[in-house]
Amino acid sequence: MPVRLQEIALSVPPIPSSTTGAAALSLFLSDPLLFALPVRLETGEDGAPRIAQVTRARLTEALAGPNGRDIFAARPVHHLITQTPVIADGTLPVALIAKQAAEKGTSALTDGVIVMEEGVYKGLVSPAALLKAVAEENTARARSQQASHRRIEEMKAKMLMLAEGRSRFLAFIGHEIRTPLTGILGVADLIKDQAPTSETRRLAETISNSGQHLERLLNDLLDLSRLEVGKLPVTMQAFELRQFASETRDLWQPKLDAKRVGLRIAVARSAEGRIESDAGRLRQILFNLVSNAVKFTDRGHVTVQMSTVPAGEGLTLIMTVADTGRGISDADKARLFEEFEQADDTIAATHGGSGLGLSIARALARRLGGDIALADNAGGGCLFTVTVPVQKAGPRLAVENAAPTSAGRFDLGEILVAEDHETTAFVIREALVAAGWRVECVPDATVAAQRIAVRRYQAVLTDVHMPGGGAEAVLKAARFGPGQNSAVPVLALTADGTPECRAACEKLGFSGLIEKPVRPRALVAALADTLLSAPREKQAKAV
């Protein structure tokens, strides 16, 4: 609470204006702490008595001058009163009076303050008391601010711990969910590939679509938790902007064709062809925005435009996504980028979605140093504009354009799969057997190491977290064990597809990483790519 004048005022009785200088001096000498005397003047026009003051310093200075005692000792003190005294209500804060003295040059800090309440004199406040009260209040305020700052920092630390705890919990849950998702999505894919009737394929497609929706929701939650704790990695790399646009068209064209909605994707002629940024995060931003546009556009078209403009020493990438859908009210625009928010309560029931896509898109854009703006589309619907700082990339190196030297074919041999989850092992085995490989499955790293020591394989697939030492033990057994598998590709199976995990696997010497949930066709393609990229002289022959 701020200190008021009435709390530090001294109750000094007023003296008559006829009091002589000598009498006033006697009063000052009798009380060394007395800095001024209130003087009652003649009644004003309103009938109320007026109060003035004479300070110890003013009286002492007058009496000490040439012939001062002869002149002022017998004179009334009203000749020595302060000409412009500060008279204030007792309820006013001390800090306000001190501020006015500093800004307006009042006499409060030299002559003190006359305190009144409802026109009645109540006392005097000395300059020393005023300064002391202000200093104590500032000290108390500083201590309070320091305490508040400490509490804020403690709360931030607790919130960060909670966010990190939630992130770890979601990462654990994500791992646990991705493992059974392999069974859902993998078996659905197997059924679709082997289904004898269209009805069976339709049922498998329904299972697959539901599983993919669950996987997207899981990925959104994991990204959101990593963004909250500032641990979402950004990987800067050069990429072709027109190829990026073409990949977007290839991804969304079938979905828009199914809805009979047009898709227009264009890159400005003036745009830099090759730029440097995190293409994966930009793709994720664009995916969420286009997904949102497709969801709410039943007729017309979705238009994506990309361009670059100079910005300082770099460039700004501008991506716009416009649709001819239902549009969004101004009230809903203000909250649409919040987590779990949608334009209205009927959206989730009619169109689905978690309300995380736009929130994550904006958070990713800001993570890259940019932002997303939302406006009305001139042709109806919405217009989202993404601006992200990027760098101009150099020309593609010749080594990047080098044609592969392999013959483009390999013999199908035997694959060792080390996986302790029975359903995941089943999906992998069925997918590889259907592609023509022979497959041996083992449930832990110890058994895998034993098999690697006595039998030669074309490749080894091993789960990262597994009894008997995990994937690292399997890799060591292959590379440094007594068997004939030192040169065969060893691929890690994991539910953690983060760049950190990929970098760790690459550092350990794994030939690649296959992320769960395992999809049969993606698995076969990844294994084939790994075998094709291996030098012919190092490929294990089929046995």
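Some points to look at:
- The listed residues are Leu217, Leu162, Leu190, and the only one of them that is more than 30 Å from Ile97 (Cα to Cα), within 29 Å of the chain's Cα centre (by Cα) and either in contact (Cβ under 8 Å) with a residue 40 or more places away in the chain or not in a helix (DSSP H, G or I) (or both) turns out to be Leu217.
- A single entry from Arg264, Arg299 fulfils the requirement of being out of contact with any Cys (no Cβ under 6 Å at 6 or more places or on another chain) and not in a strand (DSSP E or B): Arg299.
- So Arg226, is it touching a Pro at 6+ places or on another chain (Cβ under 9 Å) and surrounded by 15 or more Cβ atoms within 10 Å (Cβ to Cβ): yes
- Test for Leu25: is it closer than 23 Å to Pro127 by Cβ, in contact with a Gly (Cβ under 8 Å, 6 or more places away or on another chain) and either buried (at least 18 other Cβ atoms within 10 Å of the Cβ) or modelled with pLDDT under 90 (or both): no
- The stretch 95-124, subset in contact (Cβ under 8 Å) with a residue 60 or more places away in the chain and of a type in the set (Asp, Glu), residue nearest to Asn138 (Cα to Cα): Asp111
- All of Ala471, Ala478, Ala492 fail the test of being assigned by TED's automatic domain parsing to the domain that holds Val439, free of Cβ contacts under 8 Å to residues at least 40 places away in the same chain, surrounded by 23 or more Cβ atoms within 10 Å (Cβ to Cβ) and over 33 Å from the mean Cα position of the chain (by Cα), apart from Ala478.
- Any hit, the stretch 261-283, residues being out of contact with any Asp or Glu (no Cβ under 8 Å at 6 or more places or on another chain), more than 30 Å from Pro395 (Cβ to Cβ) and either assigned by TED's automatic domain parsing to the domain that holds Pro517 or modelled with pLDDT under 90 (or both): no
- Residue in the stretch 230-242 that is in contact (Cβ under 8 Å) with a residue 24 or more places away in the chain and part of a helix (DSSP H, G or I) present: yes
- The set of residues in the stretch 268-283 that are surrounded by fewer than 19 Cβ atoms within 10 Å (Cβ to Cβ) and of a type outside the set (D, E, K, R) comprises Ala268, Ser270, Gly273, Gly280.
The values are calculated or read from the model by the stated rules, or taken from the named source; none is laboratory data. Source: prediction; values computed, not measured. So basically every Cβ, Gly included, is an ideal-geometry build from the backbone, and we count neighbours across all protein chains shown.
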